Amino acid sequence: MAAARPIIIERTQSDWTCYDYSVNFAQTHPGWGCVTISDNKCFQGISHIVNYKVIDQNTLRVHDEFYHADYLLYNWKISAQFFHFWVESSPIRNYIVLQDNREIIE
């Protein structure tokens, strides 16, 4: 008889992806949230998760710990990019489809 055993992968920081960096940054820096950004409306293909703070209705401050970059996104509400803000749940590493939910950010 075979018994199923969960596979536990031990991750070191050298194995981290943008997901790991963003979740860690949000946990250690109150006031920063996580957002997944994509060029595809279903978030298929390449997506990237970063941290954000709302500056005003038209501007987001973005912190990208993975690429060690900070920048401002102006007019992000009318941007051709798609945004999934993780405000009502914790970010997930793997997903099939996400939806743009930029309307939840005021």
Per the filter on region 47-68, residues open to solvent by less than 80 Å² (accessible area, probe 1.4 Å) and charged (D, E, K, R) are 53, 56, 64, 65
So residue 19, is it under 19 Å from residue 101 (Cβ atoms), of a type in the set (Phe, Trp, Tyr) and touching a Pro at 6+ places or on another chain (Cβ under 7 Å)
yes
Contact list, first residue from region 21-45 and without any contact (Cβ under 8 Å) to a residue 24 or more places away in the chain, second anywhere and part of a strand (DSSP E or B) and surrounded by 13 or more Cβ atoms within 10 Å (Cβ to Cβ), beta-carbon distance below 7 Å, six or more apart or interchain, is 31/53
Pairs returned, first residue in region 81-106 that is touching a residue at least 60 places away in the same chain (Cβ under 8 Å) and more than 16 Å from residue 57 (Cβ to Cβ), second residue that is part of a loop (DSSP other than H, G, I, E, B) and open to solvent by 40 Å² or more (accessible area, probe 1.4 Å), beta-carbon separation under 8 angstrom, 6 or more apart or interchain, are 93/17; 98/42
Here the residues within region 47-90 that are modelled with pLDDT under 95 and within 12 Å of residue 22 (Cβ to Cβ) are 90
Residues of region 69-89 being open to solvent by 90 Å² or more (accessible area, probe 1.4 Å) and within 15 Å of the chain's Cα centre (by Cα), in sequence order, are 70, 88
Of the residues in region 93-106, those that are loosely packed, with under 11 Cβ neighbours inside 10 Å and either touching a Leu at 6+ places or on another chain (Cβ under 6 Å) or among the hydrophobic types (A, V, I, L, M, F, W, C) (or both) number 3
Picked from region 33-46 (must be at pLDDT 95 or above and aliphatic (A, V, I, L, M)), the residue least open to solvent (accessible area, probe 1.4 Å) is 35
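The values are calculated or read from the model by the stated rules, or taken from the named source; none is laboratory data. Because the structure is a prediction, the values reported are computed rather than measured. Every residue, glycine as well, gets a Cβ built from its backbone with ideal geometry; the counts of neighbours run over all protein chains shown. Surface accessibility is based on the protein's heavy atoms, side chains included, excluding ligands, DNA and RNA. Shrake-Rupley method; radii C 1.70, N 1.55, O 1.52, S 1.80 Å.
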